[in-house]
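Sharing a structure with you now.
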Amino acid sequence: MKGRHLVLTVKDDGIGMDAAIRESIARRIQGGSAGSSMQEEASGGSFSHIGLQNVMERMSMVFGEAFQCHVYSEPGQGTVIEMFIPERGNADV
């Protein structure tokens, strides 16, 4: 990553996630438009998993590819989500 970033870290001490769940989350937040995924879930009557997708979509709209998110988790070890938000000058505010 180039440039300065604010790193927002959210940690929990929950049950964690296995590799299959982590990969599913990675596909949702990094591949394609989160909006279309949310719409598909809404039409199926389920709104699960849209919080992180919503944040990712909005942050990507504002910061573009410079914004990054990483999810770390292991079963029984909790989860850590790190968001790297690029620094912007006052002219961009």
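Extending each Cα 7 Å along its Cβ direction at residue 13 and residue 65, get the distance between those two points in nm, one decimal.
Placing both labels 7 Å along Cα→Cβ, they lie 4.1 nm apart.
Applying the Karplus parametrisation 6.51 cos²θ - 1.76 cosθ + 1.60 with θ = phi - 60° to the phi angles of region 70-77, what ³J(HN,Hα) value in whole Hz is obtained for each residue in order, glycine and proline being reported as x?
Taking θ as phi minus 60°, the curve returns 10, 10, 10, 6, 9, x, x, 10 Hz for region 70-77.
Now for a separate question. From the phi angles alone, apply the Karplus equation (6.51, -1.76, 1.60; θ = phi - 60°) to region 9-25 and give each ³J(HN,Hα) in whole Hz, x where the residue is Gly or Pro.
Each residue of region 9-25 in turn: 10, 10, 10, 9, 10, x, 7, x, 9, 8, 4, 5, 5, 4, 5, 4, 5 Hz.
Readers should treat all values here as calculations from the given coordinates under stated rules, not as data from a laboratory. Nothing here was measured: the structure is a model prediction, and the numbers come from that model. Virtual Cβ from ideal backbone geometry, glycine too; neighbours counted across all protein chains shown.
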